[in-house]
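The values are calculated or read from the model by the stated rules, or taken from the named source; none is laboratory data. Given the structure is predicted, the values throughout are model-derived calculations rather than measurements. In case anyone asks, the SASA skips ligands and DNA or RNA and just uses the protein heavy atoms, side chains included. Shrake-Rupley method; radii C 1.70, N 1.55, O 1.52, S 1.80 Å.
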Amino acid sequence: MSGAQEIRVLVVEDDPVAADAHALYAGRVEGFRVVGVAHSRAAAVRLLDRLPVDLILLDLYLPDGHGLALLRALRAAGHGADVIAVTSARDLAVVREGVSLGVVQYVLKPFAFATLRERLVRYAEFRGAAGEASGQDEVDRALAALRAPRPATLPKGLSGPTLEAVTRTLREAREGLTAAEAGGAVGISRITARRYLEHLVTEGRALRAPQYGQIGRPELQYRWRESGR
(Lines give C-alpha, C1' and ligand atoms only; values in the text may rest on other atoms or scores of the structure.)
Protein backbone atom coordinates (compact mmCIF):
# COMPACT_ATOMS: atom_id res chain seq x y z
CA MET A 1 0.00 0.00 0.00
CA SER A 2 2.95 2.27 -0.59
CA GLY A 3 1.78 5.80 -1.37
CA ALA A 4 -1.81 5.01 -0.46
CA GLN A 5 -3.69 6.76 2.31
CA GLU A 6 -3.54 4.93 5.62
CA ILE A 7 -6.61 3.02 6.70
CA ARG A 8 -7.70 4.39 10.09
CA VAL A 9 -8.76 1.68 12.53
CA LEU A 10 -10.88 1.78 15.68
CA VAL A 11 -10.63 -1.25 18.01
CA VAL A 12 -13.81 -1.93 19.99
CA GLU A 13 -13.15 -4.67 22.57
CA ASP A 14 -14.15 -4.81 26.24
CA ASP A 15 -11.23 -6.96 27.41
CA PRO A 16 -8.28 -4.54 27.88
CA VAL A 17 -5.67 -7.24 27.25
CA ALA A 18 -7.38 -8.39 24.04
CA ALA A 19 -7.94 -4.79 22.95
CA ASP A 20 -4.24 -4.00 23.33
CA ALA A 21 -3.34 -7.14 21.38
CA HIS A 22 -5.74 -6.35 18.54
CA ALA A 23 -4.46 -2.78 18.34
CA LEU A 24 -0.87 -4.02 18.31
CA TYR A 25 -1.66 -6.55 15.58
CA ALA A 26 -3.46 -4.03 13.37
CA GLY A 27 -0.72 -1.47 13.81
CA ARG A 28 1.86 -3.98 12.58
CA VAL A 29 0.15 -4.33 9.18
CA GLU A 30 1.45 -1.90 6.58
CA GLY A 31 -1.08 0.71 5.57
CA PHE A 32 -3.15 0.53 8.77
CA ARG A 33 -3.09 2.97 11.69
CA VAL A 34 -5.00 2.49 14.93
CA VAL A 35 -6.59 5.82 15.89
CA GLY A 36 -8.49 4.68 18.96
CA VAL A 37 -9.48 1.90 21.33
CA ALA A 38 -12.91 1.64 23.00
CA HIS A 39 -13.94 -0.83 25.70
CA SER A 40 -17.70 -0.25 25.44
CA ARG A 41 -20.44 0.72 23.02
CA ALA A 42 -20.74 4.18 24.59
CA ALA A 43 -17.00 4.81 24.35
CA ALA A 44 -17.02 3.73 20.71
CA VAL A 45 -19.82 6.18 19.89
CA ARG A 46 -17.91 9.02 21.57
CA LEU A 47 -14.76 8.26 19.62
CA LEU A 48 -16.62 7.93 16.31
CA ASP A 49 -18.21 11.32 16.88
CA ARG A 50 -14.80 13.01 16.89
CA LEU A 51 -12.45 10.70 14.97
CA PRO A 52 -12.45 9.86 11.26
CA VAL A 53 -12.47 6.04 11.07
CA ASP A 54 -12.33 3.79 8.01
CA LEU A 55 -12.47 0.38 9.67
CA ILE A 56 -13.79 -0.91 12.99
CA LEU A 57 -12.47 -4.12 14.57
CA LEU A 58 -15.63 -4.92 16.49
CA ASP A 59 -16.15 -7.34 19.36
CA LEU A 60 -19.79 -8.46 19.44
CA TYR A 61 -20.06 -8.90 23.23
CA LEU A 62 -19.80 -5.51 24.88
CA PRO A 63 -20.70 -4.67 28.50
CA ASP A 64 -23.37 -2.14 27.48
CA GLY A 65 -24.90 -3.87 24.47
CA HIS A 66 -24.36 -6.20 21.55
CA GLY A 67 -21.88 -5.15 18.88
CA LEU A 68 -24.51 -5.47 16.15
CA ALA A 69 -26.79 -3.09 18.08
CA LEU A 70 -23.92 -0.60 18.00
CA LEU A 71 -23.53 -1.17 14.28
CA ARG A 72 -27.25 -0.68 13.62
CA ALA A 73 -27.11 2.62 15.50
CA LEU A 74 -24.06 3.74 13.55
CA ARG A 75 -25.68 2.94 10.22
CA ALA A 76 -28.85 4.81 11.25
CA ALA A 77 -26.67 7.81 12.14
CA GLY A 78 -24.97 7.71 8.76
CA HIS A 79 -21.60 6.27 9.77
CA GLY A 80 -20.18 4.34 6.83
CA ALA A 81 -17.06 2.77 8.38
CA ASP A 82 -16.46 -0.82 7.35
CA VAL A 83 -16.47 -3.48 10.06
CA ILE A 84 -14.47 -6.65 10.71
CA ALA A 85 -16.09 -8.62 13.53
CA VAL A 86 -13.48 -9.98 15.95
CA THR A 87 -15.46 -12.36 18.10
CA SER A 88 -16.03 -15.84 19.47
CA ALA A 89 -19.66 -15.80 18.23
CA ARG A 90 -20.31 -18.77 15.95
CA ASP A 91 -24.08 -18.38 15.55
CA LEU A 92 -24.67 -18.22 11.80
CA ALA A 93 -27.83 -16.15 12.31
CA VAL A 94 -25.60 -13.50 13.92
CA VAL A 95 -23.18 -13.81 11.00
CA ARG A 96 -25.99 -13.26 8.49
CA GLU A 97 -27.28 -10.22 10.36
CA GLY A 98 -23.76 -8.83 10.50
CA VAL A 99 -23.36 -9.21 6.75
CA SER A 100 -26.63 -7.35 6.19
CA LEU A 101 -25.27 -4.48 8.31
CA GLY A 102 -21.99 -4.29 6.44
CA VAL A 103 -19.63 -6.62 8.31
CA VAL A 104 -17.04 -7.45 5.65
CA GLN A 105 -15.07 -10.14 7.49
CA TYR A 106 -15.25 -12.34 10.58
CA VAL A 107 -12.20 -13.29 12.65
CA LEU A 108 -12.95 -15.92 15.30
CA LYS A 109 -11.20 -15.76 18.66
CA PRO A 110 -8.68 -16.86 19.64
CA PHE A 111 -6.46 -16.16 16.64
CA ALA A 112 -2.83 -15.55 15.75
CA PHE A 113 -1.41 -12.38 14.21
CA ALA A 114 -1.13 -14.06 10.81
CA THR A 115 -4.90 -14.63 10.70
CA LEU A 116 -5.80 -10.98 11.29
CA ARG A 117 -3.03 -9.80 8.98
CA GLU A 118 -4.45 -11.94 6.17
CA ARG A 119 -7.93 -10.46 6.62
CA LEU A 120 -6.58 -6.91 6.75
CA VAL A 121 -4.46 -7.37 3.64
CA ARG A 122 -7.47 -8.77 1.79
CA TYR A 123 -9.61 -5.89 2.97
CA ALA A 124 -6.98 -3.38 1.79
CA GLU A 125 -6.93 -5.04 -1.65
CA PHE A 126 -10.70 -4.74 -1.91
CA ARG A 127 -10.71 -1.15 -0.66
CA GLY A 128 -7.93 -0.21 -3.06
CA ALA A 129 -9.86 -1.34 -6.13
CA ALA A 130 -10.89 1.77 -8.07
CA GLY A 131 -12.37 2.79 -11.38
CA GLU A 132 -15.09 1.11 -13.41
CA ALA A 133 -15.08 -2.65 -13.83
CA SER A 134 -14.70 -3.87 -17.38
CA GLY A 135 -17.11 -6.74 -16.81
CA GLN A 136 -18.38 -9.48 -14.53
CA ASP A 137 -14.96 -11.12 -14.17
CA GLU A 138 -13.41 -7.98 -12.75
CA VAL A 139 -16.28 -7.50 -10.31
CA ASP A 140 -15.90 -11.15 -9.22
CA ARG A 141 -12.16 -10.70 -8.68
CA ALA A 142 -12.74 -7.60 -6.53
CA LEU A 143 -15.26 -9.45 -4.36
CA ALA A 144 -13.07 -12.54 -4.17
CA ALA A 145 -10.30 -10.46 -2.59
CA LEU A 146 -12.69 -9.70 0.25
CA ARG A 147 -14.75 -12.85 0.58
CA ALA A 148 -12.28 -15.63 -0.09
CA PRO A 149 -9.18 -15.26 2.07
CA ARG A 150 -6.35 -17.60 1.30
CA PRO A 151 -6.29 -20.58 3.64
CA ALA A 152 -3.55 -20.49 6.22
CA THR A 153 -0.62 -22.71 5.30
CA LEU A 154 -0.13 -25.60 7.72
CA PRO A 155 3.32 -26.82 8.71
CA LYS A 156 4.64 -29.65 6.57
CA GLY A 157 3.12 -32.99 7.50
CA LEU A 158 -0.08 -31.61 9.04
CA SER A 159 -3.44 -31.97 7.30
CA GLY A 160 -6.51 -29.80 7.59
CA PRO A 161 -9.03 -32.59 8.30
CA THR A 162 -6.86 -34.12 11.04
CA LEU A 163 -6.29 -30.69 12.59
CA GLU A 164 -10.05 -30.15 12.65
CA ALA A 165 -10.55 -33.53 14.34
CA VAL A 166 -7.90 -32.82 16.99
CA THR A 167 -9.29 -29.33 17.54
CA ARG A 168 -12.83 -30.64 17.98
CA THR A 169 -11.65 -33.34 20.40
CA LEU A 170 -9.69 -30.84 22.48
CA ARG A 171 -12.56 -28.34 22.59
CA GLU A 172 -14.91 -31.05 23.89
CA ALA A 173 -12.49 -32.16 26.63
CA ARG A 174 -13.34 -29.87 29.54
CA GLU A 175 -10.49 -31.17 31.70
CA GLY A 176 -7.96 -31.27 28.91
CA LEU A 177 -6.18 -34.13 27.17
CA THR A 178 -2.76 -35.68 26.91
CA ALA A 179 -1.33 -36.42 23.48
CA ALA A 180 -2.01 -40.13 24.03
CA GLU A 181 -5.65 -39.44 24.89
CA ALA A 182 -6.11 -37.15 21.93
CA GLY A 183 -4.47 -39.65 19.60
CA GLY A 184 -6.70 -42.45 20.88
CA ALA A 185 -9.83 -40.36 20.39
CA VAL A 186 -8.91 -39.30 16.85
CA GLY A 187 -7.28 -42.55 15.75
CA ILE A 188 -3.70 -41.35 15.30
CA SER A 189 -0.47 -42.02 17.17
CA ARG A 190 0.52 -40.16 20.32
CA ILE A 191 3.48 -38.57 18.51
CA THR A 192 1.30 -37.36 15.64
CA ALA A 193 -1.34 -36.03 18.04
CA ARG A 194 1.34 -34.13 19.92
CA ARG A 195 2.44 -32.39 16.70
CA TYR A 196 -1.11 -31.15 16.13
CA LEU A 197 -1.53 -30.14 19.76
CA GLU A 198 1.76 -28.24 19.72
CA HIS A 199 0.63 -26.47 16.55
CA LEU A 200 -2.53 -25.33 18.37
CA VAL A 201 -0.36 -24.06 21.24
CA THR A 202 1.85 -22.14 18.80
CA GLU A 203 -1.22 -20.58 17.20
CA GLY A 204 -2.46 -19.45 20.62
CA ARG A 205 -5.52 -21.71 20.47
CA ALA A 206 -4.46 -24.17 23.18
CA LEU A 207 -2.54 -24.22 26.46
CA ARG A 208 -0.23 -26.89 27.81
CA ALA A 209 0.95 -27.72 31.32
CA PRO A 210 2.68 -30.70 32.96
CA GLN A 211 0.31 -33.18 34.58
CA TYR A 212 1.66 -34.26 37.99
CA GLY A 213 0.54 -36.85 40.49
CA GLN A 214 1.53 -39.99 38.59
CA ILE A 215 4.55 -42.25 38.89
CA GLY A 216 7.30 -41.40 36.43
CA ARG A 217 7.82 -38.28 34.38
CA PRO A 218 4.97 -35.76 34.35
CA GLU A 219 2.98 -35.83 31.11
CA LEU A 220 1.94 -32.73 29.22
CA GLN A 221 -1.76 -31.96 29.30
CA TYR A 222 -3.37 -29.75 26.67
CA ARG A 223 -6.46 -27.60 27.11
CA TRP A 224 -8.45 -25.51 24.71
CA ARG A 225 -7.81 -21.83 25.29
CA GLU A 226 -11.20 -20.30 26.01
CA SER A 227 -11.63 -16.63 25.10
CA GLY A 228 -13.89 -15.95 28.08
CA ARG A 229 -17.02 -15.57 25.90
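Per-structure values
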quantity: Nearest-10 value in Å² for the accessible area of T178, using the 1.4 Å probe; calculated: 10
quantity: Solvent accessible area, Å² - S100, 1.4 Å probe, full protein context; calculated: 90
quantity: Solvent-accessible ranking of Y196, Y212, Y61, largest area first, probe 1.4 Å; calculated: Y212, Y61, Y196
quantity: Accessible area in the full protein assembly, largest first, 1.4 Å probe, for K156, K109; calculated: K156, K109
quantity: Amide H partners (placed H, <5 Å) of G102, local residues excluded; calculated: none
quantity: Accessible area, probe 1.4 Å, largest first, for residues F32, F126, F113; calculated: F126, F113, F32
